[in-house]
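To start, the structure under review is shown below, and the notes come after it.
The values are calculated or read from the model by the stated rules, or taken from the named source; none is laboratory data. Keep in mind that this is a model prediction, so the values were computed, not measured. Neighbour counts run over all protein chains shown; Cβ positions are idealised from the backbone, glycine included.
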Amino acid sequence: MGSIDGIKDLGEIRVSIERGEQLKAVLQFPFIKGIYLDEGAFSEEELLKYRGEIQNSGKWAGLRFRRIQRREDRGRSPKDWMEEAKNEEGFSHFLLRTLDQVAMLQDFPDRKFSTCFDYTLYSYNQAAMEVWESLGAKEMCFPIEFRFQEDMAFSEWAKSRGISTELLCYGHLPMMVSANCIEKTRNGCTRGNNVVSLQDRQNKSMPVRLYCKYCYNQIYNSDVLSLLGLEKEVERLGASSFRFDFTVESEKEILDLFQGRPLKQFTRGHFHKGIE
């Protein structure tokens, strides 16, 4: 298990956060250049408050959009946030995660804000990549299903098209996103917007994040993905930025990670073994 030191000089370091205490932790590290706030994890008031804190710290503030979108969703839509940002106001970066959000992007051909197409947008083959390119992709996240060799091919294709790439280096990977709420089924709707857990057949505890703002859940892998310690392979991919996704981590756990303390348990995901 390596440390952030092997990666932070390879490109821009970004993080995404879902809790206020996580913001307190990541603001302490100068090498972090940008911070995404998760749209579903915070109220609109919190988003505005934390955005100001991030921008005042000298880092850029981004918004990671919701995973599930419905017509009846209350509050601002992703398009509303983009509308605010089109004249270099508000958030400067957006992480797009659904086809709906890509469709909204088409209304901003002369946009001043930056966007990245996240791994939740299917980019598993060249045909899919070309569709995203035609829809305005300027930066794309490496698919989490890829092995290293497939990542290399993805990188070469992106470079040939002048598209920047972002590599997820750390984070609990989603196993399922569900519009059926575990907490509502078990105890009734609490709107707690918190984290519960499920136990799998190997007695491992899987975190379940309740996004009560938009009424959906994400079930995460019990072991966190980490590419720390694979600096030679990571460098070969030539990514322009590297992202750390924080979901259930406490302030202390984030401080420990960035201060070089080894993780007790983690997975390399599909980076070496791929999927069938």
ask   = Only one of (1) of a type in the set (Ser, Thr, Tyr); (2) touching a Leu at 6+ places or on another chain (Cβ under 9 Å); (3) assigned to a strand (DSSP E or B); (4) not assigned by TED's automatic domain parsing to the domain that holds Gly136 is not met by Thr165, so which one is it?
value = (4)
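Results for (1) under 20 Å from Leu230 (Cβ atoms); (2) of a type outside the set (A, V, I, L, M, F, W, C); (3) at pLDDT 95 or above, shown as yes or no for each residue.
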{"position": "Asp80", "(1), (2), (3)": "no, yes, yes"}
{"position": "Phe91", "(1), (2), (3)": "no, no, yes"}
{"position": "Phe117", "(1), (2), (3)": "no, no, yes"}
{"position": "Met140", "(1), (2), (3)": "no, no, yes"}
{"position": "Thr165", "(1), (2), (3)": "yes, yes, yes"}
Members of the stretch 83-132 found to be closer than 14 Å to Phe65 by Cα and polar (S, T, N, Q), listed by number = Ser92, Thr98, Gln101, Ser114, Thr115, Thr120
query = Tally time: how many residues in the stretch 184-222 are touching a residue at least 40 places away in the same chain (Cβ under 8 Å) and of a type in the set (Val, Ile, Thr)?
reply = 2
query = Among (1) under 30 Å from Ser134 (Cβ atoms); (2) free of Cβ contacts under 8 Å to residues at least 40 places away in the same chain; (3) in contact with a Phe, Trp or Tyr (Cβ under 9 Å, 6 or more places away or on another chain), which single condition is Cys181 missing?
reply = (1)
key: Any strands (runs of 3 or more DSSP E) falling wholly within the stretch 180-276 and containing at least 2 residues that are farther than 30 Å from Ser155 by Cβ   = 195-199, 205-211, 216-220
remark   = Residue hits (the stretch 1-46; part of a helix (DSSP H, G or I) and under 16 Å from the mean Cα position of the chain (by Cα)) are Gln22, Leu23, Val26
